[in-house]
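All remarks here apply to the structure that follows.
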Amino acid sequence: MKQKLSVLGIMCFILFLGTFNWTGCTAKKAATETPNESTSPERPPTPPFITALKESIKGKEKLPAEEVFQNIKTMKGVPAGRLIAIMQFGYSRSLGVQCTHCHVRGNWASDTNPNKEIAREMSLMTKKINAELLKNIKNLKSDQPVVNCTTCHRGQVKPALNIE
Ligand code: HEC
Ligand code: HEC
């Protein structure tokens with residue numbers, strides 16, 4: 001129970017970071033009880049397939065992703081539970097897409113959808129920007145400046161080039 005509460009706490013914290021909306025916590029809880037297919041970017045409800053996915057890794061959330069899932073290449077060492085949160089609140093939200101933009105429906109491990117491999121290379125590119133390029137720019141305001149998917153994508157598949 002304690003563990004469940006702390007997991008809920010973390011999810012609410014992620015929601016808070018994403019939306020700056022404290023009521024997101026109660027909305028999230030209600031959404032878990034009554035799953036619904038809608039994909040409002042404001043308060044993403046938990047669709048049944050996410051609930052099923054989380055159920056399928058129950059008790060293994062803290063194990064490295066490669067020990068829990070079948071086809072992990074770039075996210076080795078990431079706790080399995082966190083991988084799901086990254087998929088939901090990182091990858092999907094930052095590009096403004098559904099899981100099926102990168103995944104074949106019903107087979108998370110499949111690499112048939114080319115966007116999945118693109119996403120892997122995007123992840124490597126992002127890591128390289130952070131670890132090698134950004135880190136070496138002097139006199140930046142942040143001690144540890146970082147970019148992530150949202151920095152470029154901002155909710156869109158194709159990043160903008162100009163302010164219109
Ligand atoms: C922008 C592309 C993208 C989106 C959108 C995306 N994923 Fe992923 N997903 C990936 C990539 C890339 C991997 C493989 C990571 C690796 O190789 O370490 C992955 C791996 C996974 C895995 C592990 C599968 C296995 O057995 O190896 C699961 C489960 C998963 N995603 C679920 C989801 C869910 C649920 C969503 C929607 C909420 C989602 N993904 C949205 C790109 C995406
Ligand atoms: C430095 C900017 C930048 C960052 C950071 C970045 N991307 Fe991209 N991404 C792009 C650009 C540019 C394109 C190409 C868009 C086009 O086709 O013109 C792209 C395209 C994609 C595509 C193909 C989408 C499609 O349907 O055509 C996927 C998937 C993707 N990015 C995922 C990610 C993920 C996941 C992350 C974070 C791990 C990420 N990107 C981080 C700039 C970025």
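Read the figures in this text as sums done on the coordinates, not as results from a lab. The structure displayed is predicted, hence computed values, not measured ones. Cβ placement follows ideal geometry from the backbone for every residue including glycine, while neighbour counts extend to all protein chains displayed.
The three principal axes of the C-alpha atoms in the range 98-155 carry coordinate ranges of 47, 21, 13 Å, sorted with the longest axis first.
Spacing of the modelled spin labels on Gln98 and Ile137, each 7 Å from Cα toward Cβ, amounts to 3.7 nm. On the beta carbon distance between Asp111 and Asn148, with R0 = 25 Å, the FRET formula returns roughly 0.65. Lys-Lys pairs in the range 47-153 that are eight or more residues apart or on separate chains and whose Cα atoms lie under 21 Å of each other come to 22. Here the simple spin-label model places points 7 Å from the Cα toward Cβ, and for Lys158 and Ser56 these points are separated by 3.3 nm.
Classify the range 47-153 as rounded, prolate or oblate from the Cα gyration tensor: take a ≥ b ≥ c as the square roots of its eigenvalues, call it rounded if a/c is under 1.5, otherwise prolate when a/b beats b/c and oblate if not. Judged from the Cα gyration tensor, the range 47-153 comes out prolate (a/c at least 1.5, a/b above b/c). For the peptides 91-102, 72-83, 50-61, 132-143, the ranking by packing is 91-102, 72-83, 50-61, 132-143, with the highest mean count of neighbouring Cβ atoms within 10 Å listed first.
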